[in-house]
Amino acid sequence: MARTAAPTKPSNGNGHATTNGNGHGIGPKTNGAGYVQLTAGQKPTWPGLTIERRFTTLGVHPYDTVEWDLREAAITNEHGTVVFEQRDLEFPKSWSALATNVVASKYFRGHLGTPERERSVRQMIDRVADTIADWGVKDAYFATDEDADAFRNELKDILLKQRAAFNSPVWFNVGIDARPQCSACFINSVDDTMESILTLAKTEGMLFKFGSGTGSNLSTIRSSKETLAGGGEASGPVSFMKGFDAFAGVIKSGGKTRRAAKMVILNADHPDVEEFIDCKLNEERKAWALIDAGYDGNFNGGEAYASVFFQNSNNSVRVTDAFMEAVEADADWGLRAVTTGETLETVQARKLMNKMAQAAWVCGDPGIQYHDTVNRWNPVAGTHTINGSNPCSEYMHIDDSACNLASLNLMRFVGDDGEFQIEDYRHAVRIVFTAQEILVSNSSYPTPKIESNSHDFRPIGIGYANLGAVLMNRGLAYDSDAGRAYAAALTSLMQSESALQSARIARDQGGPFAAYAPNREAYTKVMRMHRDA
């Protein structure tokens, strides 16, 4: 979460200016971790970020440090028919054939067969990295022009050497649109009105179009067991889910061949929760019957699954501590009306949990989200409860918010001696996090509320990939205390270095994020929880 608290005094351990270490770079000297180094009697000034050249050398372009190949990309379907082909492509020799196919088919922009079509990784990385660096200059993120150039080349080298990658909308849209949609993950609210429900369908469709995924908690929609204001029975959220699912099925992500992604959540005390738990299970059984009758059972485009509902979403039940305690005690559980809060029905909590487990065993859904645990770790609890997540649930934040993601490839930080290169990792975190922070203000958002929340809260999602390979490389079992401890250390380094870079950016950009003041207590509480963990 960018822009935490702006430092006010020189110090040596909290993202403030420091007087120890070995200076490097052009502009204010730093001690190797981005801290400003002051000489005797010098007053602290923070005109912008000083960027270390750790992966690049002044005067040497990153593209000149790798060998290049000319190759072609070709993708066939299960019948052997070529569905995508592009020739005469320029890729680094170290990139795999899979990377070639994915990048050429998904991320190269321009119509196939036209001069405007990208054909080189150079073009793609230049389009993205140069745009982000230019925005950083415009918004005064860097202390000097030399620091801006260092950032530009360090980011290009990180992307070129596959040390990190942005989420798909960045590759789809940056350098194409003046204000591109850059976030992959959205959480949308919905109210108990027809206008709000239809607006959600429109918002989701626009997000899918530009390559993003979305999640919503539909527990605000009155149940099918409640009445409408003018008389008659309500449809309930599961009925509306059919319409949302149909839109998702026909709108391809980013205008490409990738399926749209969405998350649908219902609280465990919603009166329609049992219908919600069973909805995907029942459709799965219909698909099985169609497959048995001879219809194509391919999940991507086969007639069987294309004929049934709820195949474009992940479904999750949101449970509380009270519900889990009722499961343990084999106690009753009340399902409450959305409109009045009164208990409409009482069920056995353990029976409901068993129903979830059975459905998940058959078709993978629903998952479970732990509402109280999530909100114990809510850094903005002073203004909002966290009700939902994005489709994969790595992004949990307030309703009507967005998050751009990036992942660091952990294996790229394993040295020839097999040891993890900690300082390279921390440096890459700083560069990538800064790029993500720059994206926040220069992106477009599908609704005014999501835009204002993005600017006020500035959520950023930085993570890693290839953890399993790193553990295997070290001879650590994935499911072991040693493996978990190693993963925790890598995660802690990423979290703490991101928070530190956030503080440096806040220092230079006029203070913490706009919504920090009412959330100071909650934010610092969560930071202490991170430290304690």
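The values are calculated or read from the model by the stated rules, or taken from the named source; none is laboratory data. Because the structure is predicted, anything quoted here is derived from the model rather than measured. Quick reminder, even Gly has a Cβ in these numbers, built from the backbone with ideal geometry, and neighbours come from all protein chains shown. Accessible surface areas use protein heavy atoms only, side chains included; no ligands, DNA or RNA. Shrake-Rupley method; radii C 1.70, N 1.55, O 1.52, S 1.80 Å.
General observations
- Accessible surface of VAL250 - all protein chains present, 1.4 Å probe, nearest 10 Å²: 110
- Principal-axis analysis of the Cα atoms of the chain puts helix 422-442 at an angle of about 70° to the longest axis.
- Sorting 492-501, 80-89, 207-216, 462-471 by average packing, meaning the other beta carbons within 10 Å per residue, from highest down gives 207-216, 492-501, 462-471, 80-89.
- Spin-label pair LYS202/TRP377, simplified geometry with 7 Å Cα→Cβ offset, distance in nm: 3.6
- When each of LYS156/LYS449; LYS156/LYS262; LYS209/LYS242; LYS138/LYS209; LYS225/LYS286; LYS106/LYS286 is checked by Cα-Cα distance, pairs over 22 Å: LYS156/LYS449; LYS156/LYS262; LYS138/LYS209; LYS225/LYS286; LYS106/LYS286
- Accessible-area composition of segment 58-170, carbon plus sulfur, in percent [1.4 Å probe]: 51
- Solvent-accessible surface (1.4 angstrom probe) belonging to ASP417, in square angstrom, nearest 10: 120
- Between THR193 and GLN123, the distance separating the two model label sites (each 7 Å from Cα on the Cα→Cβ line) works out to 4.7 nm.
- Evaluated at q = 0.14, 0.18, 0.22 Å⁻¹: base-10 log I(q)/I(0), Debye formula over Cα of segment 197-331: -0.74, -1.06, -1.27
- Derived scalar couplings between HN and Hα for segment 374-390 equal 4, 7, 5, 9, 7, x, 10, 5, x, 10, 9, 7, 8, 10, x, 8, 7 Hz in order, rounded to whole Hz, by the Karplus curve 6.51 cos²θ - 1.76 cosθ + 1.60 (θ = phi - 60°), x for Gly and Pro.
- Remark: the Cα gyration tensor places segment 134-176 in the oblate category, a/c being 1.5 or greater and a/b not exceeding b/c.
- A simple count of charges around ASP296, restricted to other residues whose Cβ falls under 14 Å of its Cβ and scoring Lys, Arg +1 and Asp, Glu -1, yields -3.
- Average accessible surface for the chain: 45 Å² per residue, computed with a 1.4 Å probe over protein heavy atoms with every protein chain in place.
- Angle between the chain longest axis and helix 448-457 axis [Cα atoms, degrees, rounded to 10]: 50
- In degrees, nearest ten, helix 349-363 long axis to first principal axis of the chain (Cα): 70
- Residue-span extension gain [ALA514 to GLU342] - 0.36 nm each, minus C-alpha spacing: 58.1 nm
- Förster radius 30 Å - calculated FRET efficiency between ALA293 and ASN77 (Cβ-Cβ, nearest 0.05): 0.85
- Most to least accessible of PHE413, PHE299 (protein chains only, probe 1.4 Å): PHE299, PHE413
- Listed residues SER223, LEU160, CYS182: farthest to the positive end of the dipole of segment 156-225 (Cβ charges): LEU160
- Among THR56, ALA74, THR214 - extreme Cα towards positive end, dipole of the chain, charges at beta-carbon: THR56
- Simple label model, 7 Å out from Cα along Cβ direction - PHE84 to ILE422, nm: 4.0
- Note on ARG117: accessible area approximately 20 square angstrom, rounded to 10, probe 1.4 Å, nucleic acids and ligands left out.
- Segment 329-416 - percent of accessible surface contributed by carbon and sulfur, probe 1.4 Å: 47
- Heavy-atom accessible area with a 1.4 Å probe sorts TRP288, TRP171, TRP361, largest first, into TRP361, TRP288, TRP171.
- Based on alpha-carbon atoms, the Kirkwood radius and the radius of gyration of segment 105-256 give Rg/Rh equal to 1.14.
- Residues HIS61, HIS79, sorted by accessible area with the largest first, give HIS79, HIS61 [1.4 Å probe; ligands and nucleic acids excluded].
- The alpha carbon convex hull volume per residue for the chain rounds to 178 Å³.
- Pair-distance distribution of segment 178-246: all C-alpha pairs, bin width 5 Å, starting at 0; shares per bin in whole percent are 3, 15, 26, 22, 14, 9, 5, 3, 2, 0.
- Antiparallel content of DSSP bridges confined to the chain, in %, to 5: 50
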